[in-house]
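Engineer: Below are the structure tokens for one structure; questions will follow.
Every read-out reported here was derived from the displayed coordinates using simple, explicitly stated rules and does not represent laboratory data. Everything quoted here is computed from the prediction, not taken from an experiment. Cβ placement follows ideal geometry from the backbone for every residue including glycine, while neighbour counts extend to all protein chains displayed.
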Amino acid sequence: MSGFRRTVLVAALAVATATLSAAVVPAAPASAALPTAAVALGDSFVSGEGAGAYAPVVDINGVAQGFPGWTASNSNAYFCHRSANASLHRANLPGIQARFNLACSGGQPHDIATASAARTKGRQVAAQLDQLRAVAQTHDIDLVLVGLGSNNSSFTFGDVAETCANRFIADAWTGWWEFWAYLNGPVEQKPCSDADLATAAQYSAATAETVTAVRQLLTTLDQVDADGQHRIVFQDYTNPLPFDLHPNFHSEDSRDDTRDKFRALGAERYAAGCPIHRASLLPGHHFSQGLGTLVKTTRDTLAAEFPGADLVYLNVQRAFDGARLCETAASPTGALATPIRLQDDPPNGVFVTSLSGKDKIAIQRIANTCATYFQTCQESWHPNAAGHQVLGQCLSGAATTAARAVSCVRAGDGAITVS
């Protein structure tokens, strides 16, 4: 056989062998796509505080913590209050197969990358990014709801609410000549001002903290998300109180809240869920608007740093219009936020719904119960289950919009629009 024919034969045999091998050896299977997921990160306004139906929460040691009792330490992981009624679980999210609520009531920017157990008053849970990494091992993260900024190193929503409510209660039950000794010391008897809630310097510091935390979130998502495609929705905060109270709550027994000692009016507003001076309402809305600016600035700053990221700002400051506490005469019935509710000492889960007939000693004891066992009152002035249902509608719109910033507004008939 000539060399040429031998070469041709060998080449033909090689082709035949390769063809046969391709026919009998199956191709490697394609990697199975992970199920899609939406996750919530941040604080109480996305964890579901106020909405009830709280699920056990896995603590930093890997132990699922159910309700530990009213006198347990408030650092218990359960008091993250992750609710089955939270907006993440109520939103219509086409294409999402699983939802994970990783937010924690009281959460701060610190808690995104570092375990909150490492800071004062932090709960015993792992860093939210560590929890997110665990989800990313089994799911393709397509949507992230972020609610962050109302609690930080400078101020917290809980402290702001407590300050203004306590001032009103102290003013209502005591005269200017009387000493008011709360657990944490005397309480001023005057409305809250803008400076009492947050200063420009505090907003600036809080914004810097929040930007840093969300930058860490975006970097982590780029590292762990299965397909690299995900939308981040930055939700801000809605105020549970109106710009002014319904006229029914302006005065009682010919006394309003601009004069000394007005117990009947104090009891009336507490029962309705809004124990606060009318003069404190506008500063409260300035505070909510300041938080909105903080959240939008965070979104815009990071959009410039991550030009390829899908970042949407969701403004919910008008989502409760017409259904805030004491906005109607029937309050708290029909409101979308939880009224301020306290327990007596010892706390046993029974909320005090009326302060009528109670003297200042009883009022002091009840107020101190909130200070000692914060879990007994931490639901106060948060969206209730119906409120989180509305916020879920807001999230539904933000999850599908082509815009980079949208507002969620409640009309007089209760209709919700996102545009």
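Engineer: Which FRET efficiency, nearest 0.05, do S204 and T372 yield, Cβ-Cβ r, R0 22 Å?
Structural biologist: Taking R0 as 22 Å, the efficiency between S204 and T372 is 0.10.
Engineer: Which residues' amide hydrogens lie under 5 Å from the amide hydrogen of V125, considering only partners 5 or more residues apart or on another chain, with H built in the peptide plane?
Structural biologist: Correct list: I60, S116, A117.
Engineer: In whole Hz and in residue order, list the ³J(HN,Hα) couplings for the stretch 240-245 that follow from phi through the Karplus curve 6.51 cos²θ - 1.76 cosθ + 1.60, θ = phi - 60°; x for Gly and Pro.
Structural biologist: x, 10, x, 6, 8, 6
Engineer: Which pairs break 31 Å Cα to Cα here: K261/K296; K121/K190; K121/K360?
Structural biologist: Distance filter (> 31 Å) returns K261/K296.
Engineer: Return the whole-Å distance between the Cα centroid of the stretch 116-131 and the Cα centroid of the stretch 221-270.
Structural biologist: That distance is 27 Å.
Engineer: Once you wrap a convex hull around the alpha carbon atoms of the chain, what is its projected area averaged over all directions, in nm²?
Structural biologist: Spelled out: convex hull of the Cα atoms, projected over all directions, averaged, 27.1 nm².
Engineer: Could you list L325, L294, L129 so that the one with the fewest beta carbons within 10 Å of its beta carbon is first and the one with the most is last?
Structural biologist: Lowest count first: L129, L294, L325.
Engineer: Give the order of V146, V352 when sorted by the count of other beta carbons within 10 angstrom, beginning with the fewest.
Structural biologist: V352, V146
Engineer: So how do W70, W381 line up by other beta-carbon neighbours within 10 Å, fewest first?
Structural biologist: Starting with the residue having the fewest Cβ neighbours, the order is W70, W381.
Engineer: Let me ask something else about it. Can you give the calculated 222 nm mean residue ellipticity of the chain, where each DSSP H run of n ≥ 4 adds -39,500 (n - 2.57) and the sum is split over every residue, rounded to the nearest 500 deg cm²/dmol?
Structural biologist: -11500 deg cm²/dmol
Engineer: Compute the Rg to Rh ratio over the stretch 264-419 from the alpha carbon atoms, using the Kirkwood formula for Rh, and round to two decimal places.
Structural biologist: 1.06
Engineer: Between 0 and 90 degrees, rounded to the nearest ten: what's the tilt of helix 263-272 against the longest Cα principal axis of the chain?
Structural biologist: It is inclined by approximately 20 degrees.
Engineer: Moving on to the next point. So how much slack lies between V63 and A279, counting 0.36 nm per residue of separation and subtracting their Cα-Cα distance, in nm?
Structural biologist: 73.2 nm
Engineer: While we're here: Pick out, from C80, N368, V160, the residue whose Cα sits farthest towards the positive end of the charge dipole of the chain, with +1 on the Cβ of Lys and Arg and -1 on the Cβ of Asp and Glu.
Structural biologist: Positive-most Cα among the choices belongs to C80.
Engineer: Subtracting the Cα-Cα distance from 0.36 nm times the residue separation, let me have the gained length for K190 to T120 in nm, one decimal.
Structural biologist: Stretched fully, the K190-T120 segment lengthens by 22.3 nm.
Engineer: Further question: Calculate I(q)/I(0) for the stretch 105-179 by the Debye formula, one identical point scatterer on each C-alpha and no solvent, and give its log10 at q = 0.15, 0.21, 0.26 Å⁻¹ to two decimals.
Structural biologist: -0.66, -0.95, -1.17
Engineer: Also, quick follow-up: Output the 0 to 90 degree angle, nearest 10, between the alpha-carbon long axis of helix 385-400 and the longest principal axis computed from the alpha carbons of the chain.
Structural biologist: Roughly 40 degrees between the two axes.
Engineer: Then there's this: Pick out which of T199, T120, T163 has the largest mean-square fluctuation in a Gaussian network model of the chain, springs linking Cα atoms closer than 10 Å.
Structural biologist: T120
Engineer: Would you mind counting up the charge near Q393? Only other residues with Cβ under 15 Å from its Cβ, with Lys and Arg at +1 and Asp and Glu at -1.
Structural biologist: That works out to +1.
Engineer: Once amide H atoms are built 1.01 Å from N in the peptide plane, which residues 5 or more positions from A405, or in another chain, come under 5 Å H to H?
Structural biologist: HN-HN under 5 Å from A405: Y313.
Engineer: What is the helix-to-structure angle for 3-24, meaning the angle in degrees between its Cα long axis and the longest Cα principal axis of the chain, kept from 0 to 90 and rounded to the nearest 10?
Structural biologist: That works out to roughly 30 degrees.
Engineer: Among bridges DSSP assigns within the chain, what percent are antiparallel (round to 5)?
Structural biologist: That works out to approximately 35 percent antiparallel.
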